[in-house]
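Undergrad: Just dropping this structure here.
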Amino acid sequence: MLVPDDDPLSDVSLACRYKFIDQLLANFWSAWSKDYLNKLSNRTRWYKVQPNVKVGDVVLVRIKDVKPGDWPLALVDEVFPGADGLVRKVVVKMGGKFYPRPITSLVLLPVEGSGDPSRGTVCDV
């Protein structure tokens with residue numbers, strides 16, 4: 001089957017093309033934040049043992065009243081384990097500043113190249 005010589009979108013204005021591409025991008029981020037981020041942030045703490053957050057992990061910081069696609073990216077700088085040895089609180093670095101956060105407000109991101117796919121460890125550069 002041959003591709004036709006004329007472009008079907010050639011008579012569409014740039015403004016219409018821009019709107020179309022903008023809508024595609026919005027749909028992608030909407031689906032990504034609803035499906036992928038929610039899958040990463042499952043709270044199974046009582047049902048399944050999760051690995052502890054550790055220094056160097058890449059996380060998204062949940063912020064109330066902010067869409068998941070707009071959550072800031074951060075790096076775990078310090079961890080504070082509880083009496084049971086499980087990390088309950090961390091200090092994250094966002095935009096050059098340090099902020100204490102409970103782990104319930106973090107979404108651990110998997111990073112390509114880490115040995116364990118369930119971990120979000122930053123590789124040494």
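The values are calculated or read from the model by the stated rules, or taken from the named source; none is laboratory data. This is a predicted model, so every value here is computed, not measured. Note that we place each Cβ from the backbone using ideal geometry, even for glycine, and neighbour counts take in every protein chain shown.
Undergrad: For the structure I just gave you, tell me whether Pro110 is at pLDDT below 90 and either in a strand (DSSP E or B) or surrounded by 12 or more Cβ atoms within 10 Å (Cβ to Cβ) (or both).
TA: Considered against the rule, which asks whether it is at pLDDT below 90 and either in a strand (DSSP E or B) or surrounded by 12 or more Cβ atoms within 10 Å (Cβ to Cβ) (or both), Pro110 comes out as yes.
Undergrad: Hey, could you check region 25-69 for residues that are aromatic (Phe, Trp, Tyr) and either in a helix (DSSP H, G or I) or surrounded by 13 or more Cβ atoms within 10 Å (Cβ to Cβ) (or both) and say which is modelled with the lowest pLDDT?
TA: Within region 25-69, the first condition is being aromatic (Phe, Trp, Tyr), and the residues that meet it are 28-29, 32, 36, 46-47.
When the remaining residues are screened for being either in a helix (DSSP H, G or I) or surrounded by 13 or more Cβ atoms within 10 Å (Cβ to Cβ) (or both), the result is 28-29, 32, 36.
Values: Phe28: 84, Trp29: 77, Trp32: 76, Tyr36: 72.
In this case the residue turns out to be Tyr36.
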